[in-house]
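Before any comments, here is the structure.
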Amino acid sequence: MIKQILHDHIIEALDKLKYVHDKDFTVEIPNNTEFGDYSTNAAMVLSKTNKMAPKDMATALIKELKKNKNFKKIEIAGPGFINFFLAPGFYHQVAWDIYEQDLEFGKSEHGKEEKILLEFVSANPTGPLNIVSARAAAFGDTLYRIMKYVGYAPAREFYINDAGNQVDILAESLELRLREIQGEKIGDFPYEAYHGEYVKQLAQKLNSTEGVRIFMMTEKDRIDHLKEFALSELLEMQRSSLEKFGVVFEGWVSEKTLRMEGVVEEVLSYLTEADCTYEKDDAIWFCSTKYGDDKDRVLMKSDGSITYFVPDLAYHLTKIQRGYTQLIDIFGPDHHGYVPRLKAAFKALNYDDNMLEIIFLQQVNLFESGERVKMSKRAGKIVTMDDLVSVVGKDAARYFFIARKANAHLNFDLELALKRNNENPVYYCQYAHARICSILKKAKKDKLMPKAFKADMMTKLTKPEELAIIQKIADLPEMLVAIADYREPHRLANYVEELAAMLHKYYAKYQISNPKSKDISQARLLLIDAVRKIFVISFELMGISTPEKM
RNA sequence: GCGCCAGUAGCUCAGUAGGAUAGAGCAGCAGCCUUCUAAGCUGCGGGUCAGGGGUUCGAAUCCCUUCUGGCGUGCCA
C-alpha cells in the first residue's frame with residue numbers, strides 16, 4: 001500500500017510541475033537501506049520525453065515532494081534515483097490502517113470482476129491422481145484464491161476425458177482383471193493396459209456386487225457398463241483426493257457430455273466454414289500450419305473417430321460462450337506441443353488467441369533418502385497424490401508445490417517435508433504464527449493486553465526492525481496484485497518466509513511483552529497482532545492451516 | 001534436425017518484469033535457553049549469474065550465438 005501512496009504522490013508532483021508522464025515508472029524497496037526506505041526511477045524514465053537531464057528533473061521533483069510531511073528525507077542518488085526516507089509517523093499510520101482492515105487487508109477491486117477460467121488438473125479418469133496433478137492442484141487453486149482476493153471473477157474447472165481411447169483401454173483392463181478373478185487364465189497382461197493395483201480393486205468390487213452377470217451381457221453392453229462403472233469410481237476417487245487437498249472445482253466438464261450435445265460436429269463445421277479443413281488419406285485434417293503450427297493436425301481419423309483435439313477445442317469455445325474473457329490452462333510438461341494447434345484454431349475461428357493463456361508446470365521429482373523415486377503410470381508404479389498427502393500432510397505438500405515457480409522442475413524432498421524444524425520452511429512459517437499467538441496469550445494472562453488497541457499506541461514503535469516489519473506487511477496488497485497478474489503464486493510463499501524470518505529475529509532481539517514497560521508492550525503487541533493477520537490471510541490464500549499452538 | 005522450458009554459492013532455490021555493492025535456507029565451523037515456545041536466534045566463510053557477443057545512463061533480467069540438461073515432435077490423451 002505504501003508503494004501505491006508514493007506512486008500517487010509522485011504523479012501529483014509531476015502534474016503540478018507540468019511534466020509529462022507517459023511511461024510507467026516504478027517505486028521499489030531498495031535492497032540497500034542506504035538508498036532509503038523506497039526509491040523511484042521516475043526521473044530517469046521520464047527525463048527523455050520531458051527533454052531534461054534526469055538529475056535536474058529529480059531535483060525539481062524532490063523540491064515539490066518535500067512539501068509532504070510523510071517524508072523525513074528525500075535524496076537524489078546515482079544517475080537520478082529519488083530515495084525516500086519515511087517519517088515514523090507515516091509508518092504508524094499505515095500500520096494502524098492495516099490493523100483496522102483486519103482480515104480484509106490486501107483485498108481489492110483490481111481485477112474488475114473480469115471472468116477468468118482456470119482449467120487445471122484435468123487428469124485422465126483412468127487412475128488415481130499423481131503428484132504432477134497435485135502440483136497443478138496446489139498451483140491452480142492458490143492462483144484462483146489470490147485472483148479472487150484482488151477482484152477478479154475466476155472459476156476453477158476440471159475437464160474430464162471420459163470419452164477417448166484411454167477409457168476403452170481402461171474398460172479392457174478391468175475386464176481382464178475381472179476374468180482373472182473369476183478364474184480364467186488371461187496370460188500376459190497387455191503392455192498398453194493399466195497395470196495399477198487399483199484396477200484389481202475395482203474388479204474385486206464389481207465382482208462382489210455383480211459377479212458373473214457382467215459376462216451375460218452383450219459385448220457392447222458389457223464394455224459400456226464397465227466403462228461407466230470404472231469412470232464413476234475413479235472420478236469419485238479423484239474428486240475426493242482433491243477435496244482432501246483443499247481443492248474444489250466450480251465445474252467438472254465431461255467430454256462425453258459435450259459430444260452428446262453435438263458440439264463436436266459444430267466445431268467441425270465451424271472449421272470447415274472457415275475453409276481450413278481438407279481430406280487426405282481417408283482422414284479429415286485441420287490446416288493449422290496456416291496459423292503458425294508446425295504441421296497440420298488430424299481432426300477425424302481414417303476409422304471415422306475423432307481426435308482428442310476436437311472436443312477439447314469445443315470445450316474451449318464453450319468457455320468463451322460462457323462469458324470468460326481470459327482462459328488459463330495449466331498444463332503438465334508433456335503438452336507444450338499441443339498449444340500451437342489450439343492457438344491456431346482460435347485464430348482460424350477469428351478469436352483472439354491471446355485470450356488463451358497456457359501455464360506449463362514442469363515435472364516433479366520425488367526424492368527419498370537422496371534417491372529419486374521412479375514412477376511409471378503404465379506399469380502402475382506411481383506415488384499418488386493421496387500417498388503424498390498422507391505421508392507429509394496437506395500443508396507441507398501444498399507449500400512445497402506452491403513455493404517453486406511454475407516453469408522450473410521441482411525436486412520434492414520427502415524427508416525435508418517431514419522435518420519439524422527450521423530446515424522445513426512450512427514449519428518455520430507456521431511457527432512464526434503460532435509464536436505470535438502464544439505471546440498474545442501470555443500478554444493477556446499478564447494483563448498487558450489493552451481492551452482495545454488504539455492508533456496512538458503505535459508511536460512507541462521506533463526500532464528499525466519494527467518499521468521494517470511495517471514496511472513488509474504494507475507490501476502485501478501490491479504483491480498480491482502482481483502475483484495475480486503475472487500468475488506467480490510462488491512469490492507468496494517467499495513473502496511469508498521472509499516475514500516469518502523478520503518476526504523470529506524481532507522476537508529474539510526484543511522482549512515484546514514486558515510487564516515493566518506497558519506502553520512499549522502494547523505497541524509491540526499491536527504490531528505482532530497485525531503481523532498475525534498477515535499470516536492468516538497469506539496462509540488462507542495458500543490453503544495452508546495456521547495452528548495457534550505447535 | 002526442429003520446437004518449448006531450464007542453467008544463479010557445495011546442495012535446494014529467490015531475485016519485485018532493465019536499477020544502485022546478486023540474496024535466503026540447508027550443509028560446514030563457532031556461539032546463545034533460571035526471561036514471551038530453542039520447531040528459534042547470532043557470527044564466519046562461500047559467486048566468471050553456463051560461455052561468448054550485442055542493445056543503453058545501467059543487464060542475472062532484453063536480443064543474437066554456442067554449450068549442457070529435461071520435455072515435446074502420434075490418425076495417444
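In the range A:406-458, which residue that is polar (S, T, N, Q) and more than 6 Å from RNA strand B (Cβ to nearest atom) is farthest from A:ASP334 (Cα to Cα)? Outline the logic, then answer.
Residues of the range A:406-458 that are polar (S, T, N, Q), as a first pass: A:407, A:411, A:421-422, A:424, A:430, A:438.
Next, from what is left, pick out any that are more than 6 Å from RNA strand B (Cβ to nearest atom): A:424, A:430.
Values: A:ASN424: 30, A:GLN430: 34 Å.
Selected residue: A:GLN430.
Only one of these is away from RNA strand B (no atom under 16 Å from the Cβ), in contact (Cβ under 8 Å) with a residue 12 or more places away in the chain and buried (at least 19 other Cβ atoms within 10 Å of the Cβ): A:LEU202, A:LEU170. Name it. Talk me through it step by step, then tell me what you get.
On the way: A:LEU170 fails: away from RNA strand B (no atom under 16 Å from the Cβ).
After applying the criteria, what remains is A:LEU202.
What helices (runs of 4 or more DSSP H) completely inside the range A:355-438 contain at least 2 residues that are modelled with pLDDT of 90 or more? Ranges flagged: A:385-392, A:394-402. Highlighted here are the helices (runs of 4 or more DSSP H) found entirely within the range A:182-269 that include at least 2 residues which are over 30 Å from A:TYR315 (Cα atoms): A:197-209.
What are the residues in the range A:159-181 that are outside any helix (DSSP H, G or I) and of a type in the set (Gly, Ala, Ser), if any? Reasoning before the result, please.
Narrowing the range A:159-181 to residues outside any helix (DSSP H, G or I): A:159-164.
Correct list: A:ALA163, A:GLY164.
Suppose the filter is under 22 Å from A:PHE400 (Cβ atoms), in contact with a helix residue (DSSP H, G or I) (Cβ under 6 Å, 6 or more places away or on another chain), touching a residue at least 24 places away in the same chain (Cβ under 8 Å) and part of a strand (DSSP E or B); does A:ARG156 pass it? Show your work before the answer.
Working: under 22 Å from A:PHE400 (Cβ atoms): yes; in contact with a helix residue (DSSP H, G or I) (Cβ under 6 Å, 6 or more places away or on another chain): yes; touching a residue at least 24 places away in the same chain (Cβ under 8 Å): yes; part of a strand (DSSP E or B): yes.
Yes; evaluated as a whole, the condition is true for this residue.
Residues in the range A:497-518 that are within 7 Å of RNA strand B (Cβ to nearest atom), in contact (Cβ under 8 Å) with a residue 24 or more places away in the chain and open to solvent by 40 Å² or more (accessible area, probe 1.4 Å): 4 in all. Filter the range A:63-95 for residues that are open to solvent by 40 Å² or more (accessible area, probe 1.4 Å), touching a residue at least 24 places away in the same chain (Cβ under 8 Å) and in a helix (DSSP H, G or I) and give the result. Across the range A:63-95, the qualifying residues are A:PRO88, A:GLY89, A:GLN93.
Scanning the range A:188-196 for any residue that is without any contact (Cβ under 8 Å) to a residue 12 or more places away in the chain and surrounded by fewer than 23 Cβ atoms within 10 Å (Cβ to Cβ) turns up at least one such residue. Within the range A:530-547, the set of residues being part of a helix (DSSP H, G or I) and surrounded by 18 or more Cβ atoms within 10 Å (Cβ to Cβ) comprises A:ALA530, A:VAL531, A:ARG532, A:LYS533, A:ILE534, A:PHE535, A:ILE537, A:SER538, A:PHE539, A:LEU541, A:MET542.
The values are calculated or read from the model by the stated rules, or taken from the named source; none is laboratory data. Everything numeric in this text was worked out from a predicted model, so none of it was measured. Every residue, glycine among them, receives a Cβ derived from its backbone with ideal geometry; neighbour counts consider all protein chains shown. Just the protein is used for accessible areas: all its heavy atoms, side chains included, with ligands, DNA and RNA removed. Shrake-Rupley method; radii C 1.70, N 1.55, O 1.52, S 1.80 Å.
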